[in-house]
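What follows draws every value from the coordinates through simple rules; no lab data is involved. Remember, predicted model here, so these are calculated numbers, not experimental data. We place every Cβ from the backbone using ideal geometry, glycine too, and count neighbours over all the protein chains shown.
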Amino acid sequence: MTIGIANKHNPELLEHFSDSTLGLYLDDLGQKVFAQGRIHHLAPGETLSERGIQPLNVVLDGRLAGDTHWFGPGNHFEPRGQTLKAVDLPARIWAIDLGGETWTAPDNRPMRRAFAQALLAADAAEADATPPAILPDPTCLCDVDHPEIRRQAARLRRATPASTAEAILKFVHGFPYRFGAWQERASDTLSRGVGMCTTKTNLQVALMRAAGLEAGFVEIPMSTSVLGKLMPTGWLALQRPTVKHYFAAVKLNGVWHGADSSYDFASYRIFLEMFPWMAHREEPVLTEGAPYIPALEIQHADLFDITVVDNIAEEMGKRSRFLTPHFEALNTRVDRARGMHLQWGRAAKRAQAEKSTNGEARA
C-alpha cells in the first residue's frame, strides 16, 4: 500500500471525490475538504488499514469488499473493525481522521459543520431511496388496476390512441432518471416520481393499458459507454460492456411503435455531450408512423424492427447486486445536473440548526 497526500493538484482524484455521495452534498466546499485527507493506493487483494482516532473513507475508484459488505466508487464509510480488501482491480481510497488534530483545529470549524451536514443529507437521501424490506411479487409489478394508476390514466386520456400514448409518454418522461432497484410496482413509481428505464417503462405500460391501449415491453442491448455518461467515471471499470435497456411500445393502427420515456431532459442533455446531432430528439414526440426511440436512433437502426413482449416480470424480479448506497453513488451526476441534492442539503441544515437550538435551550 502506498499513501499520498490528497491535494487540489490532483484533478483526476478530486473529480472522483466530487462525484462521490459525500462530495455531492459538500458541493463548493468539496475541494477544501478533499485537501484535508490522504489517499490510500491498494493493489488487488491488499487490505485497507485503519489509521487515526476516527477514520472515515471514500472509495474513489475500484472496489472494497469484506465478509458482509462491499463498497464501490463514491461510497463513504467508517471501518469499524471490519477487514476490507481491494478486489478485482486496484483501488484508491480517500481517508480523513475526524478525530485528528488537523481536522479538529479551530480554523476548520466551518468545514466540520459543512461535513456534518453533508453526512446528514446523504443519510436522508439514502433512507428515502431504500426499498421496503419485503418486496412485491414480481408478477404484480405492472399493477394496471391500482386506483391511482386508473385515475392518472383517465387524466391523460386524449381524443385518439396516438395522442393518448404521447400524453403518457410525456408524463412519464418528465420523471427524473435515477438508478435504483427494479422490483417496484408501477403505482410505487408513480408515487415516488422518479425511476430508471425499467421502472419508468413499467409505469408507462401500466398507464397505457389502463387507458385502453395495447402496450408491451421492448428489450435492447445498450453499450455501457453510452449509459456510462450518466454515472461517475469510477463506476465504468466495474460495469459489463453492455447493459439491457427497456422501453415501452404501443400498438397504433395495428403497428407497434416504441415510446422511450427513460431519459428526462436533464439526463438526455448529458447524452448530448456524446451525441450532439441528436438534439432534435430531446423533446419526446410520438405520432402514428413516427416512434420515439433515441436509443435505437443513435445506432441508425430500424425503429420498427422491435420485439414486444407482454411482461418483464422475470427480469424485474431478479435481485440486484447493488444496494441502496451503491445506487446513490451512481446517481450523483444526474442528481447534480438537476439540483435534486439541494433538498437534502437544506433539510440537513434545518436539522442541524434545530439540534443546536435545542442544545442551547437545555443548557
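Applying 1/(1 + (r/R0)^6) with r as the Cβ-Cβ distance of Val255 and Arg338 and R0 = 30 angstrom yields a FRET efficiency of 0.30. Database remark: amide H of Asp264 closer than 5 angstrom to the amide H of Tyr177 (H placed geometrically; neighbours at sequence offset of 5 or more, or on other chains; Pro and chain starts carry no H).
Karplus-derived 3J(HN,Hα) values for the stretch 298-308, using 6.51 cos²θ - 1.76 cosθ + 1.60 with θ = phi - 60°, are 5, 8, 6, 8, 6, 5, 9, 8, 10, 10, 9 Hz; glycine and proline are entered as x.
Taking Lys and Arg as +1 and Asp and Glu as -1, the other residues whose beta-carbon sits under 12 Å from that of Gln82 total -1.
The trypsin sites (Lys or Arg not before Pro) of the stretch 264-323 that meet both conditions, a loop assignment by DSSP and at most 14 other Cβ atoms within 10 Å of the site Cβ, are Lys318, Arg319, Arg321.
Each residue of the stretch 47-62 is assigned a 3J(HN,Hα), and the resulting list reads 8, 7, 8, 7, 9, x, 6, 9, x, 9, 10, 10, 6, 8, 7, x Hz, derived from the Karplus form 6.51 cos²θ - 1.76 cosθ + 1.60 (θ = phi - 60°), x at Gly and Pro.
Proximity of backbone amide H atoms, modeled 1.01 Å from N, is registered between Glu46 and Ala86 at under 5 Å, excluding neighbours fewer than 5 places apart on the same chain. Judged by the gyration tensor of its Cα atoms, with axes a ≥ b ≥ c, the stretch 46-112 is prolate; a/c meets the 1.5 cut and a/b is the larger of a/b and b/c.
Once you order the gyration tensor axes a ≥ b ≥ c over the Cα atoms, which shape class does the chain get: rounded for a/c under 1.5, otherwise prolate or oblate by comparing a/b with b/c? In terms of gyration-tensor shape, prolate. Cβ-Cβ distance of Glu288 and Phe322, R₀ of 45 Å, FRET efficiency by 1/(1 + (r/R0)^6): the value works out to about 0.70. Going from the fewest other Cβ atoms within 10 Å to the most, the residues Thr198, Thr104 appear in the order Thr104, Thr198. Amide H contacts for Arg158 (H built 1.01 Å from N in the peptide plane; partners 5 or more residues away or on another chain; cut-off under 5 Å): Thr164.
From the alpha carbon centroid of the stretch 1-71 to that of the stretch 95-152 is 19 Å.
When only C-alpha pairs under 8 Å and at least 6 residues apart count, what is the relative contact order of the chain, in percent? It comes to 18 percent, rounded to a whole number.
For the stretch 192-273, the list of GluC sites (Glu not before Pro) that fall in a loop by DSSP and count at most 12 other C-beta atoms within 10 angstrom reads Glu273.
For the stretch 283-291, 3J(HN,Hα) computed residue by residue from phi via the Karplus equation (6.51, -1.76, 1.60; θ = phi - 60°) reads 7, x, 10, 10, 9, 4, x, 9, x Hz, glycine and proline entered as x. Enumerate by residue number the trypsin sites (Lys or Arg not before Pro) in the stretch 7-69 meeting two conditions: DSSP loop (anything except H, G, I, E, B), and at most 15 other Cβ atoms within 10 Å of the site's Cβ. Those satisfying the criteria are Lys8, Arg51.
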